[in-house]
2 protein chains.
Amino acid sequence: MDRIEGLIGKWEVQVRKGLLEFVILLALHEREQYGFELMSGVARRASLDVPEGTLYPLLLRLSKDALVSSRFEPGDGGAPRKYYALTPEGRTALRAMIASWTRLNHAVSHMIAGAYR
Amino acid sequence: MDRIEGLIGKWEVQVRKGLLEFVILLALHEREQYGFELMSGVARRASLDVPEGTLYPLLLRLSKDALVSSRFEPGDGGAPRKYYALTPEGRTALRAMIASWTRLNHAVSHMIAGAYR
DNA sequence: ATCAATACCTTGCAAAGCAAGGCATAGGCC
DNA sequence: GGCCTATGCCTTGCTTTGCAAGGTATTGAT
């Protein structure tokens, strides 16, 4: 069943679309963070690996949409860090996403329960 | 906040990626169904509108990947219907998706709870 | 000076959702 | 027969995202 594993892998990539944006905003709701910090935090707390090639374009989009703001700060013995924080609009969007996600999740849970009842 | 509504709308489109495939497979796990039946059933039971331009390419992909099989049957006073059913491989894939989704969902729920604690 | 670690960014490709439009079948009606 | 409507399936073109691969800049240690 190696073929199916491949299919599931591709499916998981699709499921991550949108979800990663959601998770990053959730992480930033707690506190301002910079790129690497977000990657390690999300990996630790949600077991979600967000590669750099995904994270940075995502953060650029969020900035362009004004859901997050950013500022540079000298790094702790390393390259300078770009800290991201939620804007008020970002908080509004996050609330809407949580509502939407919760609704979706209930619907899916209901269907899982129904399928195996 | 009309702009944010637009952003959320686009976000929801992204979140549906992969999720619709999952929901269709769940629906087919209960019983064999044809296209329109899937659309109305999923709309009713999960409040998810799956437009035709999404559904039929999706079903074609599932067929090509051999997760579902299909057969034509004369319609009940109308055009012939194409009935889809899960294959054994489809059932295997569905089990894997449920496991993956459940895991993801716990992670996200945890982050939502953490963000607003 | 060189090396490694930290940290950010860009490019090119694959994949999905969707609006818009098209095609075919069947039955009812004149 | 000819026309209309409803049912039902499919295709095209566009947008958006995730990601691997590779690149750049800063800092401190050897």
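Numbers below:
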read-out: Heavy-atom accessible surface of chain B: percent carbon and sulfur, 1.4 Å; value: 55
read-out: Residues along region A:1-19 losing 50 Å² or more of accessible surface when the other protein chains are present rather than the chain by itself (probe 1.4 Å); value: A:3, A:4, A:7, A:8, A:11, A:15, A:17
read-out: Inter-copy label distances at residue B:40 (7 Å, Cα→Cβ; nm, one decimal); value: 5.6
read-out: Whole-number percent relative contact order across region B:2-115, with pairs defined as alpha carbons under 8 Å at least 6 apart; value: 24
read-out: Whole-number accessible area per residue in Å² for chain B, which is evaluated in the context of all protein chains at 1.4 Å; value: 52
read-out: Environment charge of residue B:66, counting only residues whose C-beta is closer than 13 Å and scoring Lys/Arg +1, Asp/Glu -1; value: +2
read-out: Where A meets B: accessible area buried, both sides, 1.4 Å probe, Å²; value: 4600
read-out: Low-density loop positions, chymotrypsin sites (Phe, Trp or Tyr not before Pro), region B:17-78 - DSSP coil, at most 13 other Cβ in 10 Å; value: none
read-out: Full-stretch length increase - residue B:31, residue B:99 - with 0.36 nm per residue and alpha-carbon distance subtracted; value: 22.4 nm
read-out: Calculated [θ] (222 nm, deg cm²/dmol) that DSSP helices of n ≥ 4 give over chain A, each run adding -39,500 (n - 2.57); value: -22500 deg cm²/dmol
read-out: Projected label distance in nm at residue B:71 and residue A:44, using a 7 Å step from Cα toward the beta-carbon; value: 5.6
read-out: Label geometry 7 Å along the beta-carbon vector: residue A:51 inter-copy distances in nm; value: 3.1
read-out: Inter-copy separations for residue B:71, label at 7 Å along Cα-Cβ, nm, ascending; value: 6.8
read-out: Residue and distance (whole Å) for the chain A Cβ nearest the axis that superposes A on B; value: A:17, 2
read-out: Members of A:17/A:82; A:17/A:64; B:10/B:82; A:82/B:17 lying beyond 28 Å, as alpha-carbon distances in this model show; value: B:10/B:82; A:82/B:17
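The values are calculated or read from the model by the stated rules, or taken from the named source; none is laboratory data. Note that the coordinates shown come from a computational prediction; the quantities given were computed from them, not determined experimentally. Virtual Cβ from ideal backbone geometry, glycine too; neighbours counted across all protein chains shown. Ligands, DNA and RNA are stripped out before the accessible areas are found, and what is left, the full protein with its side chains, is counted by its heavy atoms. Shrake-Rupley method; radii C 1.70, N 1.55, O 1.52, S 1.80 Å.
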